[in-house]
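Undergrad: Below are the structure tokens for one structure; questions will follow.
The values are calculated or read from the model by the stated rules, or taken from the named source; none is laboratory data. What you see is a predicted model, and the numbers here were worked out from it, not measured in a lab. So basically every Cβ, Gly included, is an ideal-geometry build from the backbone, and we count neighbours across all protein chains shown.
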């Protein structure tokens with residue numbers, strides 16, 4: 001006698017969903033092929049904020065890697081990043097040869113816009129200006145958070161400033177394309193100027209942050 005497995009219920013509840021989502025991922029721009037130098041300098045960075053790098057997915061950017069340099073030693077680089085607690089996710093900006101080597105290490109090949117938002121962003125339209133009129137900065141959006149930001153939560157104010165009038169716990173993360181204002185204890189991470197705005201600022205009344213960053217610095 002042959003026993004056949006029961007067929008799945010076609011009209012039953014869905015087991016999963018596929019959706020598009022945007023994520024902001026840290027990017028490591030590889031400037032040299034010397035893995036010893038990378039290890040030494042990366043170790044210094046991790047010592048400054050070990051919790052920030054722990055279990056953090058990162059993208060390896062090869063756009064600034066010098067032409068004619070030795071091939072990227074992906075096995076060493078991936079092992080180095082994992083040794084410091086990071087999770088190498090993919091590469092961008094590489095050549096065909098570099099991308100092939102990255103794929104051999106099971107790394108994703110990403111486009112230029114992925115690490116910023118997960119999908120390309122449209123450029124905002126600029127309003128026409130009268131002759132002789134000085135350029136004016138467009139009004140930015142404003143995000144207000146009134147509840148405590150707990151450990152593991154992430155708040156991102158896209159296109160503007162972020163203001164939090166509640167405590168921010170350790171392990172929480174605040175991100176904004178503009179400024180960040182915290183009117184309470186800041187014990188987590190705060191990253192302002194996410195799109196490269198070096199004029200962005202972080203304002204806080206009680207600074208106990210694990211990490212602060214403006215335009216990636």
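Undergrad: Of all strands (runs of 3 or more DSSP E) completely enclosed by the stretch 149-217, which ones contain at least 2 residues that are over 18 Å from the mean Cα position of the chain (by Cα) and surrounded by fewer than 18 Cβ atoms within 10 Å (Cβ to Cβ)? Give the derivation first.
TA: Working: elements: 154-157, 160-164, 173-176, 180-186, 189-192, 202-207, 211-214.
It comes to 180-186, 202-207.
Undergrad: Name the residues in the stretch 128-148 that are surrounded by 10 or more Cβ atoms within 10 Å (Cβ to Cβ) and modelled with pLDDT of 85 or more, would you?
TA: Applying the first criterion (surrounded by 10 or more Cβ atoms within 10 Å (Cβ to Cβ)) to the stretch 128-148 yields 129, 138, 140-145, 147-148.
Of everything in the stretch 128-148, those that are surrounded by 10 or more Cβ atoms within 10 Å (Cβ to Cβ) and modelled with pLDDT of 85 or more turn out to be 143, 144, 145, 147, 148.
Undergrad: With the requirement that a residue be crowded, with 19+ Cβ neighbours inside 10 Å and not in a strand (DSSP E or B), what does the stretch 79-98 give you?
TA: 81, 86, 93, 94, 98
Undergrad: Return the residues of the stretch 48-78 that are under 28 Å from residue 187 (Cβ atoms) and assigned to a loop (DSSP other than H, G, I, E, B); say none if nothing qualifies.
TA: Narrowing the stretch 48-78 to residues under 28 Å from residue 187 (Cβ atoms): 48-59.
Correct list: 49, 54, 55, 56.
Undergrad: Here's something else I'd like to know. Taking the residues in the stretch 99-127 that are out of contact with any strand residue (DSSP E or B) (no Cβ under 6 Å at 6 or more places or on another chain), modelled with pLDDT under 60 and in a helix (DSSP H, G or I) as candidates, determine which candidate is farthest from residue 71 (Cα to Cα).
TA: 117
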